[in-house]
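Just so you know, all these numbers are worked out from the coordinates, no wet-lab data involved. Predicted model, so just to flag it, every value in this text is computed and none were measured. Cβ placement follows ideal geometry from the backbone for every residue including glycine, while neighbour counts extend to all protein chains displayed.
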Amino acid sequence: MKKIRYYTLPFFFCAIFISCDSLEKNVFFNPSYLKNSASINVNNHEPRECIASVELFDTLTNWQNRKFDPSRELEGYIQYSAQVSHGIGEYGLLTYLNKKDSSFVMIFAKTAGDMVCEVKGVKRIMVQDKQVLFETLCRTQCDFEQPATSMIKIDKDGNVRTIKSWVVDKSVGKVYKLKISKVDCVEAYYTDYD
């Protein structure tokens, strides 16, 4: 009986040591992004009350994976807005007016260095009213890293009305269409950029 006890005691301590060792490795040797992601509050990161939907882009076009410099004009298009960060691997949105059919083209792009963008997807936006504008620095009630890109309309009294709005969530590489009640473009429109 005593012999069995002597054998089980070291086994018991060995089991505790192994479990503590694995626990220590799980706690202290996890990659930093796993530790950080565990502390992220999903509701703060993607506030459901602000998001109308995840925006889908056409990836089956001749634009897909095409590289171009967003600071230069594209043949057949007029640039309306650009919200792209410098650096490699940053996501952003650009909007262009198609000269042929007066439709807007929204480009979801990723920077490939020095403002050269690689197209990740394209969305055509048909607009009945040609008096619309695009603003790229609209404030939102959402907790995102960057402001929203919004389609706006100015009435005869100078009031700014948001028609549609989008924001890029860089951390997940998605574009969200926002509820317009959660977006304010007044300050962006009346800001003097000079």
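For segment 145-193, place one equal point scatterer on every Cα, skip the solvent, and apply the Debye formula. What is log10 of I(q)/I(0) at q = 0.16, 0.24 Å⁻¹?
The Cα Debye sum returns log10 ratios of -0.48, -0.90.
So what J values fall out for segment 153-159 if you push phi through Karplus, 6.51 cos²θ - 1.76 cosθ + 1.60 with θ = phi - 60°, rounded to Hz, Gly and Pro as x?
The phi angles translate into 9, 9, 7, 5, 8, x, 7 Hz.
Taking only pairs that are 8 or more places apart or on different chains, how many Lys pairs in segment 145-193 have Cα atoms under 22 angstrom apart?
Taking segment 145-193 as the scope, the lysine pair count is 12.
Starting at the first residue of segment 77-93, write each ³J(HN,Hα) from the Karplus equation 6.51 cos²θ - 1.76 cosθ + 1.60 with θ = phi - 60°, in whole Hz, x for Gly and Pro.
9, 10, 6, 9, 7, 8, 10, 10, 8, 5, x, 9, x, 8, 8, x, 10
Just how large is the dipole of segment 145-193 about the Cα centre, in debye to the nearest 20, putting +1 at every Lys and Arg Cβ and -1 at every Asp and Glu Cβ?
It works out to roughly 360 debye.
Quick one: which residues, 5 or more positions from Y80 or on another chain, have an amide H under 5 Å from its amide H? H modelled 1.01 Å from N in the peptide plane, none for Pro or chain starts.
Correct list: T95, Y96, L97.
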